[in-house]
1. Accessible area per residue for the chain in Å², computed with a 1.4 Å probe and the full protein assembly in place, what is it?
2. As a test of the formula, what do you get for the chain when each DSSP H run with n ≥ 4 contributes -39,500 (n - 2.57) and the sum is divided by the residue count, at 222 nm and rounded to the nearest 500 deg cm²/dmol?
3. Normalised by the residues of the stretch 1-131, what does the relative contact order come to in percent, with Cα pairs under 8 Å and at least six apart?
4. Report in % the part of the accessible area of the chain that belongs to carbon and sulfur, leaving out ligands and nucleic acids; probe 1.4 Å.
5. Rounded to the nearest 20 Debye, what is the dipole magnitude of the stretch 1-98 about its Cα centre when Lys and Arg each give +1 and Asp and Glu each give -1 at the C-beta?
6. Please report Rg over Rh for the stretch 55-135, where both radii come from the alpha carbon positions and Rh follows the Kirkwood definition.
7. Looking at the P(r) of the chain, how many percent of alpha-carbon pairs lie beyond 25 Å?
8. Could you work out how far helix 104-116 tilts from the main Cα principal axis of the chain, as a 0 to 90 degree angle to the nearest 10?
Amino acid sequence: GIAQLFGSPFASFGMKGLINTEDLIGAGYGATFAIITVALISGAIADRSKFGAWAIFVPVWATLVYCPMAFMVWGGGLLGAEGAIGSWAGEAIDFAGGTAVHINAGVAGLILALVIGKRKGFGKDPAQRPHNIPL
């Protein structure tokens with residue numbers, strides 16, 4: 001990793017060296033949790049944003065926020081047993097994704113809801129019920 005904050009993006013660039021290894025299962029596992037995290041966030045912004053903005057937000061957020069946090073917890077980074085915080089305060093014990101997924105998604109959803117604001121017309125227009133089929 002780089003400064004125990006994020007993994008090197010060139011270590012397995014393009015999944016090179018992962019095909020036909022057990023590490024490919026780990027990559028699929030990590031991708032599954034990344035997708036779940038984004039799905040949790042989408043509930044916080046339903047009926048508040050346009051799909052195009054969401055399509056831009058997802059890869060940027062996943063790259064700059066989720067991936068570093070996942071590395072810090074699961075990849076031997078800052079919060080791992082050998083990390084600067086983990087060795088001092090104890091490693092983050094995260095068997096079900098509570099740190100990398102749920103806390104990350106909850107904070108992102110809360111911040112997005114606060115930044116975007118209330119749903120326009122919600123509570124005033126009786127025809128507007130909470131729903132958004134794409135999200």
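The values are calculated or read from the model by the stated rules, or taken from the named source; none is laboratory data. Remember, predicted model here, so these are calculated numbers, not experimental data. Every residue, glycine as well, gets a Cβ built from its backbone with ideal geometry; the counts of neighbours run over all protein chains shown. In case anyone asks, the SASA skips ligands and DNA or RNA and just uses the protein heavy atoms, side chains included. Shrake-Rupley method; radii C 1.70, N 1.55, O 1.52, S 1.80 Å.
1. Values: 8990 Å² over 135 residues.
Per residue, the chain has 67 Å² of solvent-accessible surface.
2. Values: 5 runs with 61 residues, N = 135.
My calculation for the chain gives -14000 deg cm²/dmol from helical runs alone.
3. Numbers: 115 pairs, mean separation 41.4, N = 131.
With pairs under 8 Å counted, the relative contact order is 32 percent.
4. On the way: 6200 of 8990 Å².
Carbon with sulfur: 69 percent of the solvent-accessible area.
5. Details: 3 positive and 6 negative charges, 82 e Å.
Dipole size: approximately 400 debye.
6. Rounded to two decimals, Rg/Rh equals 1.16.
7. Values: 3406 of 9045 pairs.
So the portion of pairs separated by more than 25 Å is 38 percent.
8. 30 degrees
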